[in-house]
Every structure is written in structure tokens, then in C-alpha cells.
Amino acid sequence: MRAVTWQGRRKVSVETVPDPTIQEPTDAIVRITTTGLCGSDLHLYEVMGPFLDAGDILGHEPMGVVEAVGSAVTELKPGDRVVVPFQIACGSCFMCDRRLYSQCETTQTREQGMGANLFGYTKLYGQVPGGQAEYLRVPQANFTHIKVPDGPPDERFVYLSDVLPTAWQAVEYADIEDGGTVAILGLGPIGEMAARIAANRGHRVVGIDVEADRLKRSGAWDGVETYEYSAEIGDQVRDLTGGRGPDVVIDAVGMEAHGSPVAKALHQMTSFLPDPLAAAMFKTAGVDRLAALKAAVDMVRRGGTISLIGVYGGEADPLPLMTMFDKQVQLRMGQANVKAWSDDILPLVLHDADPLGVESFHTHSVPLEQAPAAYDMFQKKEDGAIKVVFKS
Ligand SMILES: NC(=O)c1ccc[n+]([C@@H]2O[C@H](COP(=O)([O-])OP(=O)(O)OC[C@H]3O[C@@H](n4cnc5c(N)ncnc54)[C@H](O)[C@@H]3O)[C@@H](O)[C@H]2O)c1
Ligand SMILES: [Zn+2]
Ligand SMILES: [Zn+2]
């Protein structure tokens, strides 16, 4: 089959690789029809090289049709149309019982000290072959799927793999009171979808980004006002909220935040170090890459909540703890627990009116074969690229 493979920093290629096969009785093989390119894939493309091997298959936002199932798979059969969540979860361990599917204890790679295995997401998360491919082996297939009906186009459903549940969890964890205001830092697909969800729930939404086309696109959604990020953004947002600050701030930026020059240098440096050194540095280095999170701490009202959905690396970044304590800030974060939210989201994506605008959400739809050019375009934010989907 053909698959998008990582080959080195800022280098992916589409290669012919062996078709995946059933390896465990709980596996399924899915023929992929549509799959997304994600902001998280850029972390791999850009800075997480120490955790990848040349040839690793990327991608974690796939959907398609079940081709084959292992002998213990009772919940799926060939021909079923499914979306595959980005995380692999058993559905029945201690963590899954608590709906913390991204912490599944059956699939964790314990030697890395990280949560549930993820598709196409480095040795930290199991080095599981990803979904930007013609076929995907889905472990724990009895639980690791979302069945969707035949009929509507893939674009209605594909974001159930990541964008929708991630944005939904960001808003749920934000716990915004009726009539409350939420500021959203970062208007990539995750921040933009969170803005739509919060606006549809009737909250006042203030979206912030550094890119003009993203500000324009999000600002076009009913109920979302947008502002350009700057060093004065805290004062600006406070002024919008009578001097108090928004009840909630969602950080949907993550570790490549603009305004963190030291972080950029460190990220670049790690890509020139031998892998073990670079990996250790990535996990433990203390640098200031927290422009967006610091802006969140600064602008959130006292007693408010920060819902952190962007992905961060490292462990010793200096956080403004005194301010966080004094302002009595609540901080919620984590990898989205995809299936905790899919039953709530499905009726919205199936609704005739498409209230979250999923069908027209992608900016680019390209054949899988064109993935290298699409990665390059997406990384450089060229041609208004906000969400790319691959077709196979
Ligand atoms: N928690 C999860 O389960 C989960 C799942 C998917 C994605 N993510 C993470 O969420 C984040 C967003 O994902 P995405 O696909 O929307 O990525 P993206 O890179 O497309 O979006 C990030 C946006 O932040 C903007 N930005 C950069 N610096 C900023 C600043 N200082 N202030 C305001 N905006 C700034 C960028 O211009 C960009 O539009 C990433 O870190 C991604 O890894 C987390
Ligand atoms: Zn993703
Ligand atoms: Zn589990």
C-alpha cells in the first residue's frame, strides 16, 4: 500500500510499504478513505525527530471502511463505516472506566511514562503506524472506533477522530457559566472549532491569533470576535470585559507559540543533536516557550479557568506560579478523551443544518500522493492552509 512516511526533519515522502495485517485477535484492518493533517503532525515534522525513525507512518485522523477483523472482534464487521479515534483504548480498564481514554492502561507504553498509545505519534506513544495510508491496522478495535452511517460525505465525520472531541473537551473543561466570556488563544482548527462550539452554546467568544487569514476566518462565525495577538493582548482583552478579564481562557496554541524566541532556538538545536541527547533535552529542558500560556494567566479573570488543549513538551518551563496562585486560577488540561464526547457530537455532525460547519471546514482536499507538498504548505501556512484532508 501507499503511506505517508517521516524521513527526517521537514521531510516526508509517500512510499510503498507492506499492507498491514491482523496481528492480534482484537485487531481490525480499515481501508482509509479520508484522513486529516493536524497541527500535531507539525510537531513531528518540525521538532520531535528524536522520537521517530525514518519510515514511520504518520497520521492520526483517519476514517474509512472495515476490511477485516480479528477473531475476537465482535463490535465491527467488514463493510462497517468507521472513524478511528487518534488514541487506542481498550474501553474496560481502570482509566477507560473513568472515561479517561487517552490514559488507557492497556495500551500505555510504560517505559516512556506516557499515556495511551496514539496512531502515528512517535516512540513516546507506542510507535504505532499511522492513518495517512491506504490501510490501517486498528488495535483494540472493539472499542477503538466510532461507527458512522453510510450516506453523508466523509467530511461530515472525519473530524470526530480528533478536531471535534479535542475542541469539545477544551470547552467542557472550561466549564463556562451562562453568559460567560471565553478567550481562545490560537485559531487553528482546534481553536476555531472550540470557538464555534462555545459561540453555538451562547457564550461570548474572543478569538486571538497572529495570522490574518485565521483571524478573518474565525471572525466570520456568528458570535466570534477576533483580535491579533500582541504583547498588549492582556490589557486589550481586559478592556473588553470591563477590566475584569474573561471567565475562561482556552490555550489552543501549544509549544510552537509565536513570541517564544528561546524555545524556537532550542527546538532547532535539538534537531542537530544525536537522538538520545536531543530526546532527553526535549523532555526536560527549561525554556520560555510559554508566550500563549503566560498570556492566558495574565488575561483570565481572578478565580477563572484556563483550559489547556495545545500540546506542550518539556518540564521545567518557568510558570508564573505566584500570579496563578494569587489569581486563584484553575488549570485543566490533557489529551482529548475522544470517545467520552463522540455521542454528544454525533447528532451535531448528522444534523442537516451542519451547525458546526464541518462539511466546509477543510481548506484543502488533496490526494494522499500529494502529502509532501501539503505538509510543506501547511507548515509555512501558505495558500490559506488551515485544514488539509487527504483522499485515498
Ligand atoms: N490535547 C489534544 O488532545 C490535542 C489534540 C489535537 C491537537 N492538539 C494541539 O492543539 C494545538 C492546536 O492544534 P491546531 O491543529 O489548531 O494547530 P495549529 O498549529 O494549526 O494552530 C495553532 C495556532 O496558534 C497560533 N498562534 C501561535 N502563537 C500564538 C500566540 N502567541 N497567540 C495566539 N495564537 C498563536 C498560530 O498562528 C496557529 O493559528 C497544537 O498544539 C496541537 O498539537 C491537542
Ligand atoms: Zn490531530
Ligand atoms: Zn483502557
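Would you mind telling me the antiparallel percentage of the DSSP bridges in the chain, rounded to 5?
50
Within the set of other residues whose C-beta is less than 9 Å from the C-beta of GLY207, count the net charge using Lys and Arg as +1 and Asp and Glu as -1.
Around GLY207, the surrounding residues sum to -2.
May I ask you to give the percent of accessible area on the chain that is carbon plus sulfur, with a probe radius of 1.4 Å?
Exposed carbon and sulfur together represent 51 percent of the surface.
Return the sequence-ordered ³J(HN,Hα) values of segment 366-374 in whole Hz as given by the Karplus equation 6.51 cos²θ - 1.76 cosθ + 1.60 applied to θ = phi - 60°, using x for Gly and Pro.
For segment 366-374, the Karplus curve yields 9, x, 3, 4, 8, 4, x, 5, 5 Hz.
Report ³J(HN,Hα) in whole Hz for each residue of segment 165-182, in order, from the Karplus equation J = 6.51 cos²θ - 1.76 cosθ + 1.60 where θ = phi - 60°; Gly and Pro get x.
Ordered by residue, 3J(HN,Hα) equals x, 5, 5, 4, 5, 4, 6, 4, 5, 5, 6, 6, 6, 3, x, x, 10, 10 Hz.
Per the Debye formula with a single identical scatterer at each Cα and no solvent contribution, what log10 I(q)/I(0) holds for the chain at q = 0.08, 0.11 Å⁻¹?
Cα-only, vacuum Debye calculation for the chain: -0.39, -0.76.
For segment 14-165, just run the numbers: alpha carbon Rg, then divide by 2.2 N^0.38 Å, N being how many residues it has.
Rg over 2.2 N^0.38 Å, computed on Cα atoms: 0.98.
I'd like the orientation of helix 275-284 relative to the chain: the angle between its Cα long axis and the longest Cα principal axis, in ° from 0 to 90, rounded to 10.
Computed tilt is about 40 degrees.
Going through the cross-link list LYS147/LYS387; LYS294/LYS381; LYS123/LYS391; LYS11/LYS387; LYS294/LYS380; LYS327/LYS381, which pairs have a Cα-Cα distance over 28 Å in this structure?
Too far apart for the 28 Å limit: LYS327/LYS381.
Compute the projected area of the convex hull of the Cα atoms of segment 20-82, averaged over all viewing directions, and report it in nm² to one decimal place.
It is 5.2 nm².
Size of the dipole of segment 51-139 about the Cα centre, Lys and Arg at +1 and Asp and Glu at -1 on the beta carbon, nothing else charged, in debye to 20?
Dipole size: approximately 200 debye.
Roughly what angle does helix 189-200 make with the longest principal axis of the chain, taking Cα atoms, 0 to 90 degrees, to the nearest 10?
70
What shape does segment 128-171 take by its C-alpha gyration tensor, where a ≥ b ≥ c are the square roots of the eigenvalues and a/c under 1.5 counts as rounded, a/b above b/c as prolate, and the rest as oblate?
Cα axes put segment 128-171 in the oblate bin.
How much length is gained on full extension from ALA54 to ALA212, taking 0.36 nm per residue of separation minus their Cα-Cα distance?
Separation in residues times 0.36 nm, less the Cα-Cα distance, equals 53.4 nm.
Mind giving me the FRET efficiency for ARG302 and GLU24? R0 is 56 Å, r the Cβ-Cβ distance, nearest 0.05 is fine.
Here the calculated transfer efficiency is 0.65.
If you place +1 on the Cβ of every Lys and Arg, -1 on the Cβ of every Asp and Glu, and leave all else neutral, what size is the dipole of segment 1-113 about its Cα centre, to the nearest 20 Debye?
Charge dipole, segment 1-113, about its Cα centre: 260 debye, nearest 20.
Report the calculated FRET efficiency for LYS11 and MET333 (r = Cβ-Cβ distance, R0 = 35 Å), to the nearest 0.05.
That pair, LYS11 with MET333, gives E of 0.65.
How do SER230, SER365 stack up against each other in accessible area, from largest to smallest, with a 1.4 angstrom probe?
SER365, SER230
Taking the Cα centre of the chain as origin, sum charge times position over the Cβ atoms of Lys and Arg (+1) and Asp and Glu (-1), and report the length of that vector in debye to the nearest 20.
420
Can you bin segment 83-241 into rounded, prolate or oblate? Criterion: square roots of the alpha carbon gyration tensor eigenvalues sorted a ≥ b ≥ c, rounded for a/c under 1.5, prolate for a/b above b/c, oblate for the rest.
Prolate, since a/c reaches 1.5 and a/b exceeds b/c.
Taking just the C-alpha trace of segment 75-169, give me its Rg and Dmax in Å.
13.5, 43
The values are calculated or read from the model by the stated rules, or taken from the named source; none is laboratory data. Quick caveat, the model's predicted, so the values are computed rather than measured. Positions of Cβ are generated from backbone atoms using ideal geometry, with glycine treated the same way; all protein chains shown enter the neighbour counts. All accessible areas refer to the heavy atoms of the entire protein, side chains included, with ligands and DNA or RNA removed. Shrake-Rupley method; radii C 1.70, N 1.55, O 1.52, S 1.80 Å.
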